[in-house]
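Have a look at the structure below before the remarks.
The values are calculated or read from the model by the stated rules, or taken from the named source; none is laboratory data. Please read all numbers here as calculations on a predicted model, not as lab measurements. All Cβ positions, even for glycine, are placed from backbone atoms using ideal geometry, and neighbour counts span all protein chains on display. The area values use the complete protein model at the heavy-atom level, side chains included, leaving out ligands, DNA and RNA. Shrake-Rupley method; radii C 1.70, N 1.55, O 1.52, S 1.80 Å.
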Amino acid sequence: MATKPLVAVGQVTSTPDKERNFAACAGLVREAAQRGACLVFLPEGFDYIGCNPAQTLGLAEGLDGPLMGRYAELARDCGVWLSLGGFHERGRDWETTQRIYNCHVLLDSMGQRVAAYRKTHLCDVELEGRVSMKESSFTNAGTEIVAPVSTPAGKLGLSICYDVRFPELSLALQRAGAEILTYPSAFTVHTGSAHWEVLLRARAIENQCYVVAAAQTGKNHEQRTSYGHSLVVDPWGAVVAQCHEGPGLCYAEIDLEYLHRVRREIPVQSHRRHDLYGTIGLAP
């Protein structure tokens, strides 16, 4: 029987120290490559997590900057694809807007950038006395969904963190051919403990896709602690891999024959009533 592709999911504790963060991520990528992974997933903020918006903006780079160049070299050296989800990108409009994009970059094993998705749903939440986030105060929202990309593990649909709360995005990616949905994330402890696993399993079940979610974990700086629990969910909704506490890796085989069996047995995609959705209350 053919060997099923192996993917590796990283869990890190990024800080404002970009050099330290790169060393940690590069170590995980090399470890995963030695294990035989064809695709390695890193979380949102793998490059850094700033202490405040000013520091976050100050540390940002363009996709053609030195940090992304080092990751391209890492992909080539290790011969693996890299999902780099949540890169703080200074886009072409940086000079005029002084705002960044939250960008999920996909590199192939030659270090070539094959896709870049800019987060479309920005995380503006206010949990009284617990969590206060306003990503839109310094980040531009992306304006398009990126078509799924063929990789050695399957067709990959790109999303980022807060996007998991919007099933419309994952359904659009599934309709476009996605077999693996990705949610590189930096969930807080409050939201993660309540919603993380159930949201990811729901996206897997309703789309009959694998879901891969690399996560930040632990204390990123004095004002920020992340939930962790990087995981992989199969198309039936079972958690098939999960990281323990602290930085590290978990691994999962991607079984596309199983995915298509699940879709045949419960053919929800062919049962969807697109002729009805969005028409409630509209006159005939």
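Evaluated with a Cβ-only charge set (Lys, Arg +1; Asp, Glu -1), segment 203-275 carries a dipole of roughly 240 debye about its Cα centre, given to the nearest 20.
For segment 148-256, rounded, prolate or oblate, judged on the Cα gyration tensor with a ≥ b ≥ c (square roots of eigenvalues), a/c < 1.5 rounded, else prolate if a/b > b/c? The shape class here is prolate. I need the shape label for segment 1-89. Rule: rounded when a/c is under 1.5, else prolate if a/b > b/c, else oblate, with a, b, c from the alpha carbon gyration tensor. Verdict is prolate for segment 1-89.
Computed over protein heavy atoms with a 1.4 Å probe, the carbon and sulfur contribution to the accessible area of segment 46-106 reaches 48%.
The apolar share of the surface of segment 208-284, taken as the fraction of accessible area on carbon and sulfur atoms (1.4 Å probe, ligands and nucleic acids excluded), comes to 55 percent. Both the radius of gyration and Dmax for segment 215-284 are 19.7, 57 Å, in that order, over alpha-carbon atoms. Would you list, by chain and number, the aspartates and glutamates whose Cα falls below 18 Å from the Cα of Lys119, excluding same-chain residues fewer than 8 positions away? Within reach: Glu44, Asp47, Glu61, Glu89, Asp93, Glu135, Glu144, Asp163, Glu168. Rolling a 1.4 Å probe across the protein heavy atoms gives segment 1-100 an accessible surface of 43 Å² per residue.
Work out the FRET efficiency for Arg30 and Val131 from their Cβ-Cβ distance, taking R0 = 51 Å, and round it to the nearest 0.05.
With a Förster radius of 51 Å, E is 0.90.
Largest to smallest in accessible area, the residues Met110, Met68 fall in the order Met110, Met68 (1.4 Å probe, all protein chains included).
Calculated accessible area for segment 169-209 comes out at 32 Å² per residue, all protein chains present (probe 1.4 Å; ligands, DNA, RNA ignored). The share of accessible area on segment 163-207 that comes from carbon and sulfur is 59 percent, using a 1.4 angstrom probe.
Normalising by residue count, segment 135-196 has a Cα convex hull of 107 Å³ per residue.
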